[in-house]
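The values are calculated or read from the model by the stated rules, or taken from the named source; none is laboratory data. Nothing here was measured: the structure is a model prediction, and the numbers come from that model. All Cβ positions, glycine included, derive from the backbone under ideal geometry; neighbour counts span all protein chains shown. Calculation scope for accessible area: heavy atoms of the full protein, side chains included, ligands and nucleic acids excluded. Shrake-Rupley method; radii C 1.70, N 1.55, O 1.52, S 1.80 Å.
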Amino acid sequence: MKIKDIGEFGLIERIHTKAGRSSYPVVIGIGDDASVLDVGPRNQVVTTTDMLVEGVHFLRESTDPFDLGFKSHAVNLSDIAAMGASPAQSFLSFGLPAEMDVETIDTFMDGFLMAGEGVPLSGGDTVASPDKWVISVTVIGLAPSGRVLRRDAAAPGESIWLCGPVGDSAAGLSILLDQTSTVNDQDARFLIQRHNRPLPQVRMGRILLEAGISSCAIDVSDGLLQDLGHICKRSQLGAELDLERIPLSGPIKELAAANVVDPYTWALKGGEDYSLLFTVKPDNEKKLLTVLEREEIEAVPIGRTVPGKGIVVLKNGSPIETGPDGGFDHFRKRP
Ligand code: ADP
Ligand code: MG
């Protein structure tokens, strides 16, 4: 059997089965945005790691090393945000072709450090790579014991909230790949920036945890439908999304109209926005609204969890066909 036959998630499941369930002091192992380790009565240690490979995640000729550094750190910080934890330290490892310019790494580092201001770079590894640039980042965070936001902690009857954009990154990528043409330089720059420098919702995650507003969150890295699907699967429930409540930026609407495409396809299935998706019990909604206003953070309700399974997207109250969730799988080619 080939890896492409089972896909990225099939392979992870296989690895997980082989490794077995994690046991104490590991409280959350494989399967959430980050792992959680018990280290004492006060705090838990939250760890996430992500890898970027030249030719898969970025093209060296067309990627600004500053943006690459920024994004490689931001995507890890986003997984820490999805647990409601506070980032405490980062590790950075490189596989590097020897003929690369040192200045490229200098610029990469400027972006990396900007994305994680205040998070000390505490180690890593540097090795030669025959051909392609490989980047691996690990971020370790801390969270008060027993309170991390988990993918498996939602219950039916909670509202589903989104903090941050969806679709903009995929729309920006479509411009970079010349799949769409733009009418307006400012809109193009905005969408490309959303793709190149995603902003992890660390403050929102931490507030949700500290105020006890939510116990379930995920960051939208693979697409809204796919990532909400992870919450549904792990929490053993279904969800309804109200299409008209999903926020679209001005530039994504402009780009979609100019190219006669449906912006909601980007919003539902496009990846790499690194927004935060979380669920809230009815009793906590008022508290959430108060906190959002006080902290000047924008988040919007876009649907609800329901008993059963699967996600139904409603347009003005009627279910619509959305096709396959379209999320990214490293080894599977999707239609
Ligand atoms: P995310 O998109 O939040 O980074 P992924 O979809 O990459 O999460 O991974 C899903 C889960 O599988 C995570 O808990 C991750 O740590 C775990 N995982 C991925 N690859 C491996 C691997 N090679 N070995 C062990 N666990 C893995
Ligand atoms: Mg994640």
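Quick check: net charge around ALA82, other residues with Cβ under 10 Å of its Cβ, Lys/Arg +1 and Asp/Glu -1?
Details: positive: ARG150, ARG151; negative: ASP32, ASP33, ASP79, ASP219, ASP227.
After counting each charged neighbour, the total is -3.
Using only protein heavy atoms and a 1.4 Å probe, report how much of MET51 is accessible, in Å² to the nearest 10.
MET51 exposes around 110 Å² with every protein chain in place.
Under 17 Å Cα-Cα from LYS281, which aspartates and glutamates qualify once same-chain neighbours fewer than 8 residues away are excluded?
ASP152, GLU158, GLU210, GLU240
Any idea which of GLY167, THR265, ILE311 is furthest toward the positive side of the dipole for the range 159-320, if Lys and Arg beta-carbons carry +1 and Asp and Glu beta-carbons -1?
ILE311
Find the relative contact order for the chain and round it to a whole percent, using C-alpha pairs within less than 8 Å whose residues are 6+ positions apart.
On the way: 738 pairs, mean separation 73.2, N = 335.
Answer for the chain is 22 percent.
Stretched out fully, how many nm does the piece from ASP131 to ASN316 gain, at 0.36 nm a residue minus the Cα gap? The partial results should precede the final answer.
Working: separation 185, 0.36 × 185 = 66.60 nm, distance 5.15 nm.
Full extension from ASP131 to ASN316 adds 61.5 nm.
With a ≥ b ≥ c the root eigenvalues of the C-alpha gyration tensor of the range 257-335, is it rounded (a/c under 1.5), prolate (a/b larger than b/c) or oblate? Can you show the working numbers first?
Working: a/c = 1.85, a/b = 1.61, b/c = 1.15.
Since a/c reaches 1.5 and a/b is larger than b/c, the shape of the range 257-335 is classed as prolate.
So if R0 is 25 Å, what FRET efficiency would GLN193 and HIS330 give, r being the distance between their Cβ atoms, rounded to the nearest 0.05?
0.50
If R0 is 41 Å, what FRET efficiency do you get for LYS309 and VAL39 from their C-beta distance, rounded to 0.05?
Details: r = 35 Å, r/R0 = 0.86.
Given R0 = 41 Å and the Cβ-Cβ separation, E is 0.70.
Grab the other residues whose beta carbon is less than 10 angstrom from that of GLN44, score K and R as +1, D and E as -1, and report the net.
On the way: positive: ARG42, ARG147; negative: ASP38.
Its environment carries a net charge of +1.
Helix-derived [θ] at 222 nm for the chain: sum -39500 (n - 2.57) over DSSP H runs of at least 4, divide by residue count, nearest 500? Spell out each step's value before the answer.
Working: 10 runs with 117 residues, N = 335.
Helix-only estimate at 222 nm: -11000 deg cm²/dmol.
Run through the DSSP bridge list for the chain and note the antiparallel percent, rounded to the nearest 5.
Details: 47 of 61 bridges.
The antiparallel fraction comes to roughly 75 percent.
For the range 259-291 and the range 154-177, write down the distance between their C-alpha centroids in whole Å.
When both Cα centres are located, 6 Å separates them.
So if each residue of separation counts as 0.36 nm, and I subtract the Cα-Cα distance between ARG203 and MET109, what length gain in nm does that give? Can you show the working numbers first?
Values: separation 94, 0.36 × 94 = 33.84 nm, distance 2.30 nm.
Contour length minus the Cα-Cα distance gives 31.5 nm.
Over 28 Å between C-alpha atoms is what I'm after, so list which of LYS2/LYS71; LYS233/LYS315; LYS132/LYS253 land there.
LYS2/LYS71; LYS132/LYS253
Sort the following peptides by mean Cβ neighbour count (other Cβ atoms within 10 Å, averaged over residues), highest first: 7-17, 217-227, 106-116. Spell out each step's value before the answer.
Numbers: 7-17: 14.0, 217-227: 25.7, 106-116: 18.8.
The densest-packed peptide leads the list: 217-227, 106-116, 7-17.
Given charges of +1 on the Cβ of Lys and Arg and -1 on the Cβ of Asp and Glu, with all other atoms neutral, how large is the dipole of the range 91-227 about its Cα centre, in debye to the nearest 20?
So the dipole magnitude of the range 91-227 works out to roughly 640 debye.
Among ALA98, ALA82, ALA153, which one shows the biggest mean-square fluctuation in a GNM of the chain, springs joining Cα atoms closer than 10 Å?
So, out of ALA98, ALA82, ALA153, the one fluctuating most is ALA98.
Note the per residue figure in Å³ for the convex hull of the C-alpha positions in the range 63-115. Don't skip to the answer; put the middle values down first.
Values: hull volume 4.2 nm³, N = 53.
It comes to 79 Å³ per residue, whole-number rounded.
At a Cα cut-off below 18 Å, give the aspartates and glutamates reachable from LYS18, other chains included and same-chain residues fewer than 8 away excluded.
Partners within reach: GLU8, ASP32.
Among SER275, SER35, SER23, determine the one that fluctuates most according to a GNM of the chain built with springs between C-alpha atoms less than 10 Å apart.
SER23
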